[in-house]
Every structure is written in C-alpha cells, then in structure tokens.
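The values are calculated or read from the model by the stated rules, or taken from the named source; none is laboratory data. Just so it is clear, the structure is predicted and the values come from calculations on it, not from any experiment. Here the Cβ positions follow ideal geometry from the backbone for every residue, glycine too, while neighbour counts run over all protein chains shown. The accessibility values were calculated without ligands, DNA or RNA, using every heavy atom of the protein model including side chains. Shrake-Rupley method; radii C 1.70, N 1.55, O 1.52, S 1.80 Å.
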Amino acid sequence: MNNVLTSTQTEPDESFGRRADSSVETIRFGELQASLKQDMPTPPFRPVTLINPQTPDMLGLRDQVPARDNRTTAHFTYTMDTHNIPLTGRLEYLQSVMAYKQQFLDANTIAVMGDTEVIDALEGHGLVAIANRLKYLYGITEEDEEDVKLNSLRGFAVFVIKNRNVHTPQITITDDGLIQAVWKHPQQGTLVMDFHESGDIAFTLLYGRWDQETERYKLIGELPQDQAILHVKDFIYNSIRT
Amino acid sequence: MIVDIDDADHVARYCSPRKIKEDGTPAPGAFRLRDCDNCCLSVNWLECFRGQSIVDNILHVRSELCQHHELRKNGRLAVLNVGKVKRAIKITNKLDINVKRSPRNNHRSHACIGGYPTNNNEVAMTLSEMVGVDDMYNTTS
C-alpha cells in the first residue's frame, strides 16, 4: 500500500460519496503523478464524507507527494496535507480531477463555448485571477473600441489551459477587440501576444532590459498557437510578472 | 498650422481601462496605430497650456479632452517626454518618428505621433515601456 492509491471504476459523478471497497482497481502513484504533470487543470474541489480519516502519513504517502514546484501538484499536495482528507475523499478528488481533465483539455470543447462559458471554464480550471481579469475587461465598453472577439478569447483560453504552468500574463484588450497578453521580465525583456480570431498568435519579443540607449534583439512572428509557443517557450516559462 | 513639438515638452495619451495592465502601466495596445488613425497617434501637448507643472497642464488637458471624448474614471493619461520618445524609438526601432502639433476646433492641444507602421506592436511596446506608474495620471479629480 506504500505507493498505491485505489480508485473505483464508476463514472465520476456517480462515485461521489461512494466508499472505496473491494471493487477497486489500483492506480500507481507514479502514474498519477505523471498524469498530474500533463496539462492538469485544477479541479473543482468537492466536499467529502469523512469515512476513512487517514492522513498521507498514515498511508505512507507523504514521501510520494509531488514537489511544490508545479502549480497543479502543489495544489494537490496542499489539499492532501492541509485538509487531512480521508482516503475516500482522496479517491473522489482524483476522480473529479480526471473527469475535469477530460472535460476541458479539449480545444474543440472550448471552440463551441460562449464567452461567459469560456470564462467560467477558466475559473473552474483554477485560473481564477485570469477569469476575474477577463470579467473586469468585459465590463468595460468604449465608444471607439470593438467588443472582445469571441474567437480571440477562445484561443487565449486554450493557450492558458495548455500552458498553465507559465506565469500569469497581464491581460488587456486591443482596439480591435483582441486579447493581448504581456509577460515582462525586468532583465530579460518583454513578450506581447495578440490572440487573433483565426487562432494564430502574433507575438513580439524584445529581449533585454529596456533603456533608451540600447538596441534590443527582436523576435516577431504570427503563427498557429502550437508553433508560436515553440519560439517563445524559453522566455515564457522563465518570465516573471512585474 | 502643423509644427514639431520641442523635445523638452511632453505629450499625454489617453489610455482606456481596457489597455491598462494590472500593474497600472499602459499595454502596447494603447500606443498601436490603427489604419483608421490616418497613420498618427492622437496625443495632447501639455506645454500648450503653459501651466506651472505637468499636473497643472494635465488638468487643462482633461477638461479639453472631456469635450470630445468620454474619459473613464479608471482610464489614465500616460505622459511621455517628446525627446526621450524620439531617441528611444530611433535606437530601439530604427525609426525617425515625429511629434507634431495638430490643433483642431476646441482642441488646441491636439497633437500627433507619426512615422511608425500601423497594426504593429514593436514601436508600441517601446512607447509603453517608457511609461512608469508615476507617469500615469487620473482622468478625474
């Protein structure tokens, strides 16, 4: 039992409140950990029934708890450690994670959502700061600025869900209604991404600290998301918010 | 009459709340030229009002802008020094931009920044990075 968690094989929604019993299949913690590291959304946390109040220590799992350098796994660790969640609760939590992952990691699902649904999905994904910022921006209308383009929002949502381990960008809206995300690093430079309705990203990266006297290296392009991220990956994964 | 604004002078750009980042500074989108802008960015020349300070001049700009544009209370006026703008864009973007007076009816402080491409973030990024939080002024008292 040292590095094994168990999970019932019922549908996620039916499994809530169900006690782990003999009709179980094992999930190795290492597999779970690997799964958590792959584009894992933060799931909605549901209240659990205290049936089997054992801590990770009692299960010998504390050493298996993932490191805190990953936002998703850190959340998982926090949940297990702090809330002292019982075994049954953990199983339900994991099933909830899996169900949520299946529901929202698919870009095709987001592609048919309305703007409110997209923002709710981001919030449900644990991207609360981004969702709140978008709600604020949606509440502003300017006479000479276009409404936020739905496809731009969808593209941005897909991007932040797929790349949820990058630092949260600062989000604004352009005159023509496109989502504009800015990552700024005091020494390394600034990256701006405009999320076009076509699904492409127009990106401009100015390397190096800004000052009036120094020329900066530039990287400029407009590419589909998956290709655009390859060009700016190093910067975006290391940038910090200022 | 359209004349260049002196390098020592300042211009202010109204930034709508949608174009202000959470850190209080303007996003590049606040300085991007649109095709419909006749290839120039509308700004206001502060020294036009001959106030004692930038704050004094901002008060005049606000009252003048209010007559033409709805200023959001959570919008801001970003102030830029003309000479610094020209020099920074010359070095960073290899462009000679111009900052000219362009007075209109009841809008005598109106000015234009021109000489850079439309729908392009490169120059807009340089301009936005020149503006710190201290250079952002309220649109209301």
Quiz prompt | Exclusive hit being assigned to a helix (DSSP H, G or I) and not basic (K, R), set A:I171, A:I130 | solution = A:I130
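Could you grab me the full set of residues in the range A:202-211 that are part of a strand (DSSP E or B), of a type outside the set (A, V, I, L, M, F, W, C) and open to solvent by less than 30 Å² (accessible area, probe 1.4 Å)? Don't jump to the end; show me each part of the working.
Applying the first criterion (part of a strand (DSSP E or B)) to the range A:202-211 yields A:202-207.
Of the ones still in play, those that are also of a type outside the set (A, V, I, L, M, F, W, C) are A:204, A:207.
A:T204 - this is the single residue of the range A:202-211 that is part of a strand (DSSP E or B), of a type outside the set (A, V, I, L, M, F, W, C) and open to solvent by less than 30 Å² (accessible area, probe 1.4 Å).
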Quiz item: Across the range B:94-112, which residue is least open to solvent (accessible area, probe 1.4 Å) among those that are touching a Phe, Trp or Tyr at 6+ places or on another chain (Cβ under 8 Å) and either aliphatic (A, V, I, L, M) or closer than 22 Å to B:G24 by Cβ (or both)?
Solution: B:A111
Practice problem: Go through (1) open to solvent by less than 20 Å² (accessible area, probe 1.4 Å); (2) closer than 30 Å to B:V85 by Cα; (3) of a type in the set (A, V, I, L, M) and name the single condition A:I161 misses. | Solution: (2)
Exercise. Within the range A:182-201, work out how many residues are open to solvent by 10 Å² or more (accessible area, probe 1.4 Å) and more than 22 Å from A:R133 (Cβ to Cβ).
Key: 4
Quiz item: If we scan the range B:45-67, do we find a residue that is assigned to a helix (DSSP H, G or I), at the interface with chain A (Cβ under 10 Å from one of its Cβ atoms) and surrounded by 13 or more Cβ atoms within 10 Å (Cβ to Cβ)?
Solution: no
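Within the range A:163-173, is there a residue that is hydroxyl-bearing (S, T, Y), within 11 Å of another protein chain (Cβ to nearest Cβ) and in contact (Cβ under 8 Å) with a residue 40 or more places away in the chain?
If we filter the range A:163-173 for residues that are hydroxyl-bearing (S, T, Y), which is where we start, we get A:168, A:172.
Cutting the leftovers down to within 11 Å of another protein chain (Cβ to nearest Cβ) gives us A:168, A:172.
Restricting the remaining residues to those that are in contact (Cβ under 8 Å) with a residue 40 or more places away in the chain gives A:168.
The answer is yes, given that some residue of the range A:163-173 is hydroxyl-bearing (S, T, Y), within 11 Å of another protein chain (Cβ to nearest Cβ) and in contact (Cβ under 8 Å) with a residue 40 or more places away in the chain.
For the range B:22-31, what are the residues that are open to solvent by 10 Å² or more (accessible area, probe 1.4 Å), at negative phi and more than 7 Å from chain A (Cβ to nearest Cβ)?
Here is the first cut: in the range B:22-31, the residues open to solvent by 10 Å² or more (accessible area, probe 1.4 Å) are B:22-25.
With at negative phi added as a condition, the list becomes B:22-23, B:25.
The one that is open to solvent by 10 Å² or more (accessible area, probe 1.4 Å), at negative phi and more than 7 Å from chain A (Cβ to nearest Cβ): B:T25.
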Quiz item: Which one of A:L127, A:L191, A:L134 is among the aliphatic types (A, V, I, L, M) and at pLDDT below 90?
Solution: A:L127
Exercise. Answer yes or no as to whether A:I179 is within 9 Å of another protein chain (Cβ to nearest Cβ), open to solvent by less than 10 Å² (accessible area, probe 1.4 Å) and touching a strand residue (DSSP E or B) at 6+ places or on another chain (Cβ under 6 Å).
Key: no
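Among residues belonging to the range A:143-154 that are open to solvent by 10 Å² or more (accessible area, probe 1.4 Å) and away from chain B (no Cβ under 12 Å), point out the one that is nearest to A:F235 (Cα to Cα). Spell out the reasoning first.
First pass over the range A:143-154, keeping only residues open to solvent by 10 Å² or more (accessible area, probe 1.4 Å): A:143-151, A:154.
Right, trim to away from chain B (no Cβ under 12 Å) and you get A:149-151, A:154.
Values: A:K149: 27, A:L150: 27, A:N151: 25, A:R154: 23 Å.
Result: A:R154.
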Self-check item: Of residues in the range B:68-83 being touching an Asp or Glu at 6+ places or on another chain (Cβ under 8 Å) and open to solvent by less than 20 Å² (accessible area, probe 1.4 Å), the one farthest from the other protein chains (Cβ to nearest Cβ)
Solution: B:V79
Quiz item: Given B:K19, B:K86, B:K94, which one is out of contact with any Gly (no Cβ under 7 Å at 6 or more places or on another chain), within 14 Å of chain A (Cβ to nearest Cβ) and free of Cβ contacts under 8 Å to residues at least 12 places away in the same chain?
Solution: B:K94
Exercise. Quickly run through the range B:115-137 and pick out the residues that are more than 14 Å from chain A (Cβ to nearest Cβ) and either assigned to a loop (DSSP other than H, G, I, E, B) or surrounded by fewer than 16 Cβ atoms within 10 Å (Cβ to Cβ) (or both).
Key: B:G115, B:D134
Quiz item: Mind checking which residues of the range B:34-71 are touching a helix residue (DSSP H, G or I) at 6+ places or on another chain (Cβ under 8 Å) and modelled with pLDDT of 90 or more?
Solution: B:L41, B:N44, B:L46, B:E47, B:C48, B:F49, B:I54, B:D56, B:N57, B:I58, B:H60, B:V61
Practice problem: Tell me, please, whether a residue that is at the interface with chain B (Cβ under 9 Å from one of its Cβ atoms), under 18 Å from the mean Cα position of the chain (by Cα) and in a loop (DSSP other than H, G, I, E, B) can be found in the range A:215-232. | Solution: no
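Give the residue that is nearest to A:S198 (Cα to Cα), with candidates limited to residues of the range A:102-116 that are at pLDDT 55 or above and surrounded by 14 or more Cβ atoms within 10 Å (Cβ to Cβ). Please lay out each step first, then the result.
Residues of the range A:102-116 that are at pLDDT 55 or above, as a first pass: A:106-116.
Pick out the ones that are also surrounded by 14 or more Cβ atoms within 10 Å (Cβ to Cβ) and you get A:107, A:109-111, A:113, A:115.
Working: A:A107: 14, A:T109: 17, A:I110: 14, A:A111: 12, A:M113: 16, A:D115: 16 Å.
Looking at residues that are at pLDDT 55 or above and surrounded by 14 or more Cβ atoms within 10 Å (Cβ to Cβ), I get A:A111.
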